[in-house]
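Reviewing the structure listed below.
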Amino acid sequence: MGEIAALLVGSGVAGVLTAAAFGPRTCSVQRSARINAAPEVIFPLINDLRAFNQWNPFVKKDPKITGSYEGPPQGPGAVHRFKGSSKSGEGSIAITGADRASEVRMRLEMKKPMRAQNDIVFRLTPAGGATEVTWAMQGKTPYIGRVLHLLFSFDRMVGRDFEAGLAGLKLLGEQAS
């Protein structure tokens, strides 16, 4: 009986590893929220990394996180380097581009818990007296990431954080409006 169980477990592990080898090479997450404020009010809360970190869910959920800022205070070239617990990991986020009151592009480079490089885009679209804010992230998925994606929903896990962050941005944006 023990040999059959070992064979089944071994076959299951081999199946997961094989499926991961053929899994998607990229992953993406996207969430949107309507904020009752003009794009000009919301834009500085994203384009300035110090303001961004007031509502950034990955910073907020890790009380042990430390960080430093480099480059200009806002816009392209602004960088935040961070190191925290397993909740936030270690890496940096940099603003790579910005179009006044309509889009902010960032690059997230993670060192821990797993190396990753992701492109992030915040789009601000006027919607009557409000703004539709879309937070999107896309990156390559290494093999170990593809294994993990078979076991856990990356979209659901990170998507919840995006939703929490957008709720924080909504609160700050509507207070400032």
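The values are calculated or read from the model by the stated rules, or taken from the named source; none is laboratory data. These numbers come from a predicted model, not from an experiment. Cβ coordinates were reconstructed from backbone atoms using ideal geometry, including for glycine residues, and neighbour counts include every protein chain displayed.
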Hits in region 62-86 (condition: surrounded by 14 or more Cβ atoms within 10 Å (Cβ to Cβ) and among the charged types (D, E, K, R)): 62, 81, 83
Lone unmet requirement of (1) modelled with pLDDT of 90 or more; (2) surrounded by fewer than 16 Cβ atoms within 10 Å (Cβ to Cβ); (3) assigned to a helix (DSSP H, G or I); (4) not aromatic (Phe, Trp, Tyr) for residue 150: (1)
Hey, residue 120 modelled with pLDDT of 95 or more, in contact with a His (Cβ under 9 Å, 6 or more places away or on another chain) and of a type in the set (A, V, I, L, M) or not: no
Residue ID - farthest from the chain's Cα centre (by Cα), chosen from residues in region 109-129 that are of a type in the set (Gly, Ala, Ser) and under 20 Å from residue 46 (Cβ atoms): 129
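Yes/no matrix, rows are residues, columns are (1) part of a helix (DSSP H, G or I); (2) under 20 Å from residue 131 (Cβ atoms); (3) of a type in the set (Phe, Trp, Tyr); (4) modelled with pLDDT of 95 or more:
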site: 7; (1), (2), (3), (4): yes, no, no, no
site: 12; (1), (2), (3), (4): yes, no, no, no
site: 24; (1), (2), (3), (4): no, no, no, no
site: 31; (1), (2), (3), (4): no, yes, no, yes
site: 41; (1), (2), (3), (4): yes, yes, no, yes
site: 58; (1), (2), (3), (4): yes, no, yes, no
site: 76; (1), (2), (3), (4): no, no, no, yes
site: 95; (1), (2), (3), (4): no, yes, no, yes
Residue check for residue 75: in contact with a strand residue (DSSP E or B) (Cβ under 8 Å, 6 or more places away or on another chain) and small (Gly, Ala, Ser): yes
Criterion violated by residue 106 - all others in (1) under 14 Å from the mean Cα position of the chain (by Cα); (2) surrounded by fewer than 17 Cβ atoms within 10 Å (Cβ to Cβ); (3) outside any loop (DSSP other than H, G, I, E, B) satisfied: (2)
Where a residue in region 71-88 is free of Cβ contacts under 8 Å to residues at least 60 places away in the same chain and within 13 Å of residue 50 (Cβ to Cβ) and its partner, wherever it lies, is in a loop (DSSP other than H, G, I, E, B) and of a type in the set (Val, Ile, Thr), with Cβ under 7 Å and at least six apart: 82/65
Among (1) out of contact with any His (no Cβ under 7 Å at 6 or more places or on another chain); (2) on the phi < 0 side of the Ramachandran plot, the one test that residue 89 misses: (2)
Region 165-177 residues that are under 14 Å from residue 32 (Cα atoms), paired with ones that are in a loop (DSSP other than H, G, I, E, B) (beta carbon under 9 Å, 6 or more apart): 165/56; 168/56; 170/36; 170/37
